[in-house]
Amino acid sequence: MPLAVEPAAGTVAAAGGVITHTITNSEAGKVVFKVKSSNNNEYRLKPVFGFIDAGATAQVEITRLAGPPKDDKLVIQFAPAPEGAADPQEAFKGLTPAGDVTVPIKAE
């Protein structure tokens, strides 16, 4: 798979907490990504958009606000980065994702 996420799944306290996942780009070129959540009420993601150079990594911080225990997921969509793009949010707008990675998140 062109993008790998470690850890592949996450567990966080339903009372709130922060976990970090590392995205690794094994593509031959730079990619742009967007992180989507199935639960925008209890989760905050940083960054939501970003670039990852070929062979490099990026950290995504996931903050869980207090809420009921629940199984959720993150979907990391990605595509080759347009040449010369400086703003990942703008770069992602006009693209069709080339793939995605799903990361299950469990709040208990």
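We did not get these values from a lab; they are worked out from the coordinates using the rules stated. Here the structure is a predicted model, which means the values were calculated and not measured. Cβ placement follows ideal geometry from the backbone for every residue including glycine, while neighbour counts extend to all protein chains displayed.
Once the piece of chain linking Gln89 and Ala9 is laid out straight, how much longer is it, given 0.36 nm per residue of separation minus the C-alpha distance between them?
On the way: separation 80, 0.36 × 80 = 28.80 nm, distance 2.50 nm.
Roughly 26.3 nm would be gained on extension.
Which value in deg cm²/dmol, rounded to the nearest 500, describes the helix-derived mean residue ellipticity at 222 nm for the chain, given -39,500 (n - 2.57) per DSSP H run of n ≥ 4 and division by the residue count? Could you put the intermediate results ahead of the total?
Values: 1 runs with 6 residues, N = 108.
My calculation for the chain gives -1500 deg cm²/dmol from helical runs alone.
Regarding the chain, what whole-number volume in Å³ per residue does the convex hull of its Cα atoms give?
In the chain, the Cα convex hull volume per residue is 85 Å³.
Would you pull out the residues with amide H under 5 Å of Gly99's amide H, same chain only if 5 or more places away, H placed 1.01 Å from N?
Under 5 Å from the amide H of Gly99 lie the amide H atoms of Phe78, each far enough along the sequence or on another chain.
Give the separation of the Cα centroids, the stretch 79-108 to the stretch 8-51, in Å.
If you average the Cα positions of each part, the centres end up 11 Å apart.
Can you give the charge dipole size of the chain about its Cα centre, rounded to the nearest 20 debye, using +1 on the beta carbon of Lys and Arg and -1 on the beta carbon of Asp and Glu?
Numbers: 10 positive and 12 negative charges, 54 e Å.
So the dipole magnitude of the chain works out to roughly 260 debye.
Can you work out the Karplus-derived ³J(HN,Hα) for every residue in the stretch 52-65? Use 6.51 cos²θ - 1.76 cosθ + 1.60 with θ = phi - 60°, whole Hz, and x for glycine or proline.
Once θ is set to phi - 60°, the couplings for the stretch 52-65 become 9, 5, 4, x, 9, 10, 9, 9, 10, 9, 10, 9, 9, 7 Hz.
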